[in-house]
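Below you'll find the structure, written out as structure tokens, and then a few comments.
Only the coordinates and a few stated rules stand behind these numbers; no lab work does. Keep in mind it's a predicted model, so treat the numbers as computed, not measured. Here Cβ is always computed from backbone atoms with ideal geometry, including for glycine, and neighbour counts include all displayed protein chains.
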Ligand code: G3P
């Protein structure tokens, strides 16, 4: 079965930190419960404990390719698990890493039972990181990030070609950049993706709860009442 996923990246927006961030996670939980659509929240790392033990999956925004030891200031995969994360973004457009480090991060995630979501900016990069066998690859053209122009409509070819470039059936492809409406999500799924990765369309929305309901409205297995 192909269960779509909506991954909500909190980035470092003030609207998604502290008390507001916690409220956002509770909203996401409510929308998920009511609609049956899987939503994953990615709060900032220092705040992860405030989102722990809730009825929603939490992914980190970053992890470092390190083993326990002397790595001051780095993020250890084991520490993410302690903080309540069940997965992590890797190589986000705003936090790139070299290919060998991406590979090591994916391996460490596999070893520690964390879901890996590797971001890629091009079809070539999608092909390159697919060799590392992450759980997800998110195609995100950097020029559309934060633009409000949805990649699933502005550049369907890059999404379609990314889906086609991944021949391993175990790897699921997501798309992100400018996604903000139910229509954008529907278009993303129609292109063969398993879901979307987004931020500003919800985090910066005047009414984030309404934005979340709208986002899942066309793919919800249960009737949306919000
Ligand atoms: O991680 C999601 C992201 O980079 C896309 O950002 O604000 O265009 O949804 P946004």
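Structure summary
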item	result
Rounded FRET efficiency, nearest 0.05, which uses the C-beta distance separating residue 82 from residue 107 and R0 of 25 Å	0.80
Zone residues, region 83-107, relative to residue 38, backbone N less than 18 Å from point 7 Å out along Cα-to-Cβ	85-90
Modelled label reach - residue 205, point 7 Å along Cα→Cβ, region 148-179 residues with backbone N closer than 18 Å	148-153, 175-179
Relative contact order (percent, whole number), region 178-226, Cα cutoff 8 Å, 6+ residue spacing	43 percent
Per-residue Cβ neighbour rank within 10 angstrom, fewest leading, 96, 38	96, 38
Mean separation of Cα contacts under 8 Å, 6 or more apart, over the residue count of the chain: relative contact order %	20 percent
Nearest-0.05 FRET efficiency for residue 94 and residue 131, computed from C-beta distance (R0 25 Å)	0.60
Label point distance in nm, residue 72-residue 26, each placed 7 Å from Cα along Cα→Cβ	3.9 nm
Neighbour-count ranking [beta-carbon atoms within 10 angstrom, fewest first] of 48, 97	97, 48
Rounded FRET efficiency, nearest 0.05, which uses the C-beta distance separating residue 55 from residue 147 and R0 of 25 Å	0.15
Relative contact order for region 41-84, counting Cα pairs under 8 Å that sit 6 or more residues apart, in percent	39 percent
